[in-house]
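All remarks here apply to the structure that follows.
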Amino acid sequence: MPGGSGTRTGTGQELMIESLLEFNHYDYKKQVFIGKQLFNNRYKADFVVDNSIIVSLKWQQVAGTAEQKVIYEIASLIKIIENDNFKKAYVVIGGNGFSQNAKEYLFSQEHRNILKHGDLVENIGVEDFIARLNNHNL
């Protein structure tokens, strides 16, 4: 079932990231429409930090199709950054449901080899993203 229990539990990830944004005194907006996806549907960002950084949270607790949708997400984020006033985006990967092959591909930033301007988007694990938040290193 799309958006089933494997992805719904991403709400916990969202609450955790939001509390760290607040704790570390970031200026942020939550669940805000910021542009058009690859197929021109409206795109809602999980977070926009300091009016310049898009944060997309991807949680997959059980094996499923979320990992296959990440490349579309990256391509959509590139399009939005190129057409608006954002400087970069993070796709934050969490949960045990992502396959090892998907994690290796995503965390090695392989999308940069196949997508023009792929360097505008960084895939990052939730633990590493938390460390960057805590170190004010976005």
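The values are calculated or read from the model by the stated rules, or taken from the named source; none is laboratory data. Quantities reported herein were computed from a predicted structural model and do not represent experimental measurements. Note: ideal-geometry Cβ built from the backbone for every residue, glycine included; neighbour counts use all protein chains shown.
Structural remarks
- Just so you know, in the range 108-138 the residues that are in contact (Cβ under 8 Å) with a residue 24 or more places away in the chain and in contact with a Lys or Arg (Cβ under 6 Å, 6 or more places away or on another chain) include one that is farthest from Asp50 (Cα to Cα), and it is Gly118.
- Of residues in the range 19-46 being touching a Leu at 6+ places or on another chain (Cβ under 7 Å) and not aliphatic (A, V, I, L, M), the one nearest to Val70 (Cα to Cα): Asp46
- Out of Leu133, Leu77, one residue alone is touching a helix residue (DSSP H, G or I) at 6+ places or on another chain (Cβ under 6 Å) and assigned to a helix (DSSP H, G or I). It is Leu133.
- With respect to the stated conditions, Lys44 fails to be in contact with a helix residue (DSSP H, G or I) (Cβ under 8 Å, 6 or more places away or on another chain) and either under 18 Å from Leu21 (Cβ atoms) or at pLDDT 95 or above (or both).
- Matching option when the condition is among the small types (Gly, Ala, Ser), surrounded by 13 or more Cβ atoms within 10 Å (Cβ to Cβ) and modelled with pLDDT of 95 or more, among Ala102, Ala66, Ala89: Ala89
- Leading residue by the ranking (nearest to Ile74 (Cα to Cα)) among those in the range 101-119 that are part of a helix (DSSP H, G or I) and small (Gly, Ala, Ser): Gly118
- Residues in the range 22-57 that are free of Cβ contacts under 8 Å to residues at least 40 places away in the same chain and of a type in the set (Ser, Thr, Tyr) were compared, and the one that is farthest from Ile74 (Cα to Cα) is Tyr28.
- Set side by side, the residues Glu22, Glu122 differ, and just one is in contact with a strand residue (DSSP E or B) (Cβ under 6 Å, 6 or more places away or on another chain), modelled with pLDDT of 95 or more and either under 17 Å from Asn137 (Cα atoms) or assigned to a loop (DSSP other than H, G, I, E, B) (or both), which is Glu122.
- Flag if Glu73 is of a type in the set (Asp, Glu) and within 19 Å of Lys30 (Cα to Cα): yes
- Filtering the range 47-58 to residues that are of a type outside the set (A, V, I, L, M, F, W, C) and either touching a helix residue (DSSP H, G or I) at 6+ places or on another chain (Cβ under 9 Å) or assigned to a strand (DSSP E or B) (or both) leaves Ser56, Lys58.
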